[in-house]
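Notes for the one structure printed next.
Quick note: the coordinates plus some simple rules give every number you see, no bench work behind them. All values reported here derive from a predicted model rather than from experimental measurement. Cβ: placed from backbone, ideal geometry, glycine included. Neighbour counts: every protein chain shown.
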Amino acid sequence: MRKKAYYTAAEITNNLYTTGNEWQLNDGTKYVGLYHKYTTGEVYTGAVWNSATSKQLVPYKEIPASKISYTNAVKRSNKQIKTEYKTPNTHIPNITSNDRKNGFCYRYFMKKVNQQIILEIDETQYKEWFSKKIDPNLYTAVKVTWYISGNIQNERIDNVVKKGVITKNLEVLQKAEKEMPGISAKLTNLTQYYADSDFIVPKDINQ
């Protein structure tokens, strides 16, 4: 809005023209075209004042190329930042008869990078972390092969040592510890979910 409601002809210079690098709109857009100005210092678009279309102009300021590059980089970066992720939930493994027959099952764990708490999760959440539906910058995750049947202790046959469940799971944890420090302290029971390989699963009466 102009400073005054009425200006005399002596206070207005109409029909001026700029080819650029002289005036800009308030949003920073360089202005090229007709304009008029007032003795009050005000400058507006249009050859003469029009209350419906005239827009205020301010002196043009050249934006350094470095600032433009930085601004564009920030905009691109902001577009790439995902602000909504799923939150992981604790899961208790469901050991199946096939797992027991195979002698092992897969277990999945997740840890927040700024905390020492380790959660056991399911395969679905592990895949969501892998596909970045759960924030990979905030959480680390690991998949381990957990042995649940067979000999518990090592067995020596003809001077050849056959590793038992305890040794196998200990080796699994030593490897996983490199990816997720602290997991050994969570899984202190190396025979958790263990069942003899001869374990018989009751028949489903619904089948």
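Please report the orientation-averaged projected area of segment 126-187, defined via the convex hull of its C-alpha atoms, in nm². If I average the Cα hull's projected area over directions, I get 5.4 nm². With one equal scatterer per alpha carbon and no solvent term, the Debye-computed log10 I(q)/I(0) for segment 99-158 at 0.23, 0.30 1/Å reads -0.89, -1.20.
In this simple spin-label approximation, ILE152 and GLN116 carry label points 7 Å from Cα along the Cα→Cβ vector, and these lie 3.0 nm apart. Model label sites at GLU123 and TYR60, defined 7 Å from Cα along the beta-carbon direction, differ in position by 6.5 nm.
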